[in-house]
């Protein structure tokens, strides 16, 4: 399976990740296979670092607009099973302020 990111087609560079057929997985415009996935699980943070949170503040997303643990688990599973993802980073804001983080981690293990 190959996923198009709207980038020009690249020539095949050999076997895909995890023994997948050539051309499988995500590739950047330089022909490198992307094997890490970064998911922002929340926009909230308990700090106010100036590079991330301007003095005027930013509105938080309503909880209903955040991905559910089931949605996050599905994205990770597709990434691992179909796209060759081998590394996952859960980011945010500050992921530890998300009340259901334990459920998310259990789902993606």
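Residues are listed down the side, and each one gets a yes or a no for (1) at pLDDT below 80; (2) in a loop (DSSP other than H, G, I, E, B):
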site: 5; (1), (2): yes, yes
site: 15; (1), (2): yes, yes
site: 21; (1), (2): yes, yes
site: 31; (1), (2): no, yes
site: 41; (1), (2): no, no
site: 52; (1), (2): yes, yes
site: 60; (1), (2): no, yes
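Pairs linking a residue in the stretch 36-48 that is over 17 Å from residue 64 (Cα atoms) to a residue that is buried (at least 16 other Cβ atoms within 10 Å of the Cβ) and at pLDDT below 90, with Cβ atoms under 7 Å and 6 or more positions apart or on different chains, are 45/92; 45/93. Taking the criterion of being surrounded by fewer than 17 Cβ atoms within 10 Å (Cβ to Cβ) and outside any helix (DSSP H, G or I), the residues of the stretch 93-109 that qualify are 94, 99, 100, 109.
The values are calculated or read from the model by the stated rules, or taken from the named source; none is laboratory data. Not measured: the values here are computed from a predicted model. Cβ sites come from the backbone with ideal geometry, for glycine too, and all protein chains shown count toward neighbours.
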